[in-house]
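Chemist: Here you go, one structure.
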Amino acid sequence: MTAAAVSPLPMQSVLHPAGPDAHAIGVLGWTMTAAAAVIFVGVMWLVLRTWQRRGTVRTRTWIIGGGLLFPGAVLSALLLWSLVSTKDLTHTSSQAGMRVAVTAKMWWWEVRYTDPATGRDVVLANEIRVPVGRPVYLGLTTSDVIHSFWVPALAGKVDMVPGRVHGLMLHADRAGVFRGQCAEFCGAQHAKMAMHVVAMPPAEFDAWLAVQARDAAPPANAQLLRGREAFLERRCDACHVVRGVSDRALLEKATLGPDLTHVGSRLYIAAGTLPTHAGTLAGWVADPQSIKPGARMPAASDLAGEDLRAMAAWLESLK
Ligand code: CUA
């Protein structure tokens, strides 16, 4: 699935809400903007009259009317309106529907589902898939500094604070790919800390989750086998889990980098930075520091060309 095939609308936009919460926030934003525009025009009209020295107003009337009564009435009305309209935001409850745990890391997102068949954790990265029409509870936290979770088309911003779990409901009412962005400065690669929410029909979603819960498929040919060997020889599994491939003992500690069991099925690599295919995977493995300086991933620039191509092909095959 490509982003363009799913929706012709912009992927990251507060102006194209795709869920009830984003819609309520959008209406609030437009109301505030309209009220501010009316007042701005009124003030400019008064300035014009003053320039033309037309009409006189008593100082007392001006200060009490324009300085106290008018802003008091306008601000009270807008405050009341904002309270009423944000009351419609979905009540956050970890008891309602599906739960997904999202942990922000410098500079990517660990995404954790529960396999409905076995009850085991299914660890993914940088892509959150949700069923259309079903509310999803996100438990948001971080393993290092403060980050902020923001997918403008679906919900408001929520900070991700060390030692705390903040809840957020994601509710998509149409299928599509919605880009999100870390919204709190968190270091050198804050700008390249994006993620994608993919809303899909419930039946498709269930099938997708069942596939993601599986171990990696065995290599189908000699080149893919060579790629898997190169991955293990380079000890990539010290930081990355590939379920069914990496050594079990190492697996528990290997959370420094994203889980790669199904990396080939994701739309993007490196937290929304590059579209996923063998070419970008090879470029990233060979020299991640030139793409995302400061990322924890070391370069594998001395890897033989054939091994690099094989590894990239194998990673791409992990659908
Ligand atoms: Cu994470 Cu900014």
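The values are calculated or read from the model by the stated rules, or taken from the named source; none is laboratory data. The shown structure was predicted, so the numbers you read here are calculated from the model rather than taken from an experiment. All Cβ positions, even for glycine, are placed from backbone atoms using ideal geometry, and neighbour counts span all protein chains on display. Side chains are part of the model used for accessible areas, which takes the heavy atoms of the whole protein and leaves out ligands, DNA and RNA. Shrake-Rupley method; radii C 1.70, N 1.55, O 1.52, S 1.80 Å.
Chemist: (1) modelled with pLDDT of 90 or more; (2) outside any helix (DSSP H, G or I); (3) open to solvent by 10 Å² or more (accessible area, probe 1.4 Å): which one isn't true of residue 229, the others all being true?
Modeler: (2)
Chemist: Taking the conditions exactly as written (more than 16 Å from the ligand (Cβ to nearest atom), open to solvent by 50 Å² or more (accessible area, probe 1.4 Å) and among the β-branched types (Val, Ile, Thr)), does residue 165 satisfy them or not?
Modeler: On the way: more than 16 Å from the ligand (Cβ to nearest atom): yes; open to solvent by 50 Å² or more (accessible area, probe 1.4 Å): yes; among the β-branched types (Val, Ile, Thr): yes.
Answer is yes for this residue.
Chemist: Quick one: which residue in 307, 237, 302 is open to solvent by 60 Å² or more (accessible area, probe 1.4 Å) and acidic (Asp, Glu)?
Modeler: Only one candidate passes the filter, namely 302.
Chemist: Here is a follow-up. Suppose we filter segment 90-112 for residues that are aliphatic (A, V, I, L, M), part of a loop (DSSP other than H, G, I, E, B) and within 16 Å of the ligand (Cβ to nearest atom); how many remain?
Modeler: 1
Chemist: Right, something else. Of the conditions (1) of a type in the set (Lys, Arg); (2) surrounded by 13 or more Cβ atoms within 10 Å (Cβ to Cβ); (3) in contact (Cβ under 8 Å) with a residue 24 or more places away in the chain, residue 112 clears all except one; give me its number.
Modeler: (3)
Chemist: Also, I was wondering about something else. Sort through 210, 220, 216, 199 and tell me the only one that's among the hydrophobic types (A, V, I, L, M, F, W, C), buried (at least 17 other Cβ atoms within 10 Å of the Cβ), away from the ligand (no atom under 16 Å from the Cβ) and within 26 Å of residue 314 (Cβ to Cβ).
Modeler: Going through 210, 220, 216, 199 in turn, just one is among the hydrophobic types (A, V, I, L, M, F, W, C), buried (at least 17 other Cβ atoms within 10 Å of the Cβ), away from the ligand (no atom under 16 Å from the Cβ) and within 26 Å of residue 314 (Cβ to Cβ): 216.
Chemist: Restricting the search to segment 168-196, which residues are small (Gly, Ala, Ser) and open to solvent by less than 40 Å² (accessible area, probe 1.4 Å)?
Modeler: Once the filter is applied, which keeps residues that are small (Gly, Ala, Ser) and open to solvent by less than 40 Å² (accessible area, probe 1.4 Å), segment 168-196 yields 172, 176, 180, 183, 187, 194.
Chemist: Scan segment 77-93 residue by residue and report those that are among the hydrophobic types (A, V, I, L, M, F, W, C) and open to solvent by 100 Å² or more (accessible area, probe 1.4 Å).
Modeler: Once the filter is applied, which keeps residues that are among the hydrophobic types (A, V, I, L, M, F, W, C) and open to solvent by 100 Å² or more (accessible area, probe 1.4 Å), segment 77-93 yields 79, 80, 83.
Chemist: Determine the pairs where a residue that is closer than 17 Å to residue 78 by Cα, located within segment 37-50, has a partner that is surrounded by 10 or more Cβ atoms within 10 Å (Cβ to Cβ) with Cβ atoms under 7 Å apart, the partner being 6 or more residues away or on another chain.
Modeler: The qualifying pairs are 39/74.
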